[in-house]
Structures are given as structure tokens and as C-alpha cells.
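Each remark here refers to the structure printed beneath this line.
Quick note: the coordinates plus some simple rules give every number you see, no bench work behind them. Here the structure is a predicted model, which is why all the values come from computation and not from measurement. Neighbour counts are summed over all protein chains in view; Cβ atoms, including those assigned to glycine, are modelled from backbone coordinates with ideal geometry.
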Amino acid sequence: MTRILMVCLGNICRSPLAHGILESKLNSLDYFVDSAGTASYHIGKKPDKRSMEVAFNAGIDITTQQARAFITSDFDDFDYIFAMDESNYHDIMRLARNQEDAKKVKLFLDANKTRFDKNVPDPYYGDISDFEYVFDLINETADLIIRGL
Ligand code: 4NP
């Protein structure tokens, strides 16, 4: 079983989409996918309505997800930890206890050489078109990540 964790700041906009999209593309017997946030403002909440809507429009149900914070033991429980942006990446790396932990952490968009963006943009203060952009960016990159697993 390969265990993959998607991480953003609040765990309500970007990483729930990455979680749902990856999960929808992988066989659940061989892969476990989860998501978390580096901040704890939204613990226990469902994803943002706009993330739920763009996922639903693509046939992906993320409504049962609940936000949680990234914790140090996630380094033990996951094989790959993908950060949605460089700020999340540095926050996770600060918690790494050793080289083995640090090696698990990747910047999500490093898998996508067709894009110049390094960061999945935070759509929280945007509108539905920002969430649609984020959905497409994550969806395209998820296929490239799966090829490299
Ligand atoms: P996310 O977006 O990191 O993609 O879940 C955000 C959600 C909430 C906040 C910031 C980003 N916030 O400041 O509450």
C-alpha cells in the first residue's frame, strides 16, 4: 500500500481537491490518499463550498472530507507528502526530524514541467473561476504524479 498525503494551508480549498482527484484516479486497494493543512484554523470543517462544487462537476465527491492539521507522525504514516505551495513546503520541512522525513516532501507542481507555476495558487479569496483553474491544474498534475509513483 502506497500512502500519499496532500498538504495546503487550511486543508479546505486546494489539498481536499488534490486528495479527491488523486483518490478518484487510483485503485483504493493499493493506495491510501489523505490531506492535511499546515494551519489549524479550519480543523473539523468540510471543504470550501466552491471546492466541493468544482469537484462535484467533475463527478468527484469530496463532501465527506474533514480538515485536519499536519502532524509530525504524518512523516511515519505516509510515503509521499505533496505541498501545494512553497510556503507549505517550508512549513512541513521545518517539522522534518531527519533526512528520511525530508525526502518524502515534494512540491506538488515539481511533477508538472509543462507549467511555469511553482505554486498552486490559493483560491480562498477568489471566485469560482479561481477554483476551476486550481481544479484543472491539480487534475493535470495528478496524472503526471501517478506516472511517477
Ligand atoms: P487552502 O486555502 O490552503 O487551499 O485550504 C485557504 C483556506 C483558508 C485560509 C487560507 C487559505 N484562511 O486564511 O482561512
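Can you give the extra length, in nm with one decimal, that the chain gains between LYS46 and ALA69 once fully stretched, where that is 0.36 nm per residue apart less the Cα-Cα distance? It would help to have the intermediate numbers written out before the result.
Details: separation 23, 0.36 × 23 = 8.28 nm, distance 1.33 nm.
Gain on stretching LYS46 to ALA69: 7.0 nm.
Using the count of nearby Cβ atoms within 10 Å as a rough guide to exposure, how do ILE43, ILE71, ILE138 rank from fewest to most? It would help to have the intermediate numbers written out before the result.
On the way: ILE43 15, ILE71 11, ILE138 25.
The order, fewest Cβ neighbours first, is ILE71, ILE43, ILE138.
Among PHE131, PHE116, PHE82, which one shows the biggest mean-square fluctuation in a GNM of the chain, springs joining Cα atoms closer than 10 Å?
PHE116
Angle, helix 14-25 long axis vs. longest principal axis of the chain, Cα atoms, 0 to 90°, nearest 10?
Helix 14-25 and the main axis of the chain meet at about 90 degrees.
Got a sec? How would CYS13, CYS8 order by Cβ neighbour count within 10 Å, fewest to most? Before the final figure, lay out the partial values.
Working: CYS13 25, CYS8 31.
Going from sparsest to densest Cβ surroundings: CYS13, CYS8.
Counting only residues 5 or more places away or on other chains, whose amide H sits under 5 Å from the amide H of ASN11 once H atoms are built in the peptide plane?
Under 5 Å from the amide H of ASN11: THR38.
Give the Debye-formula value of log10 I(q)/I(0) at each listed q (0.19, 0.24 Å⁻¹), with one equal scatterer per alpha carbon of segment 26-129, two decimals each.
Each listed q maps to, in turn, -1.23, -1.51.
For ILE128 and ARG97 in the same chain, what is the full-extension length gain: residue separation times 0.36 nm, less their Cα-Cα distance, in nm? Please list the in-between numbers first.
Details: separation 31, 0.36 × 31 = 11.16 nm, distance 3.83 nm.
Length gained between ILE128 and ARG97: 7.3 nm.
Exposure proxy check: ASP136, ASP85 ranked by fewest other beta carbons within 10 Å?
Arranged by neighbour count, lowest to highest, ASP136, ASP85 become ASP136, ASP85.
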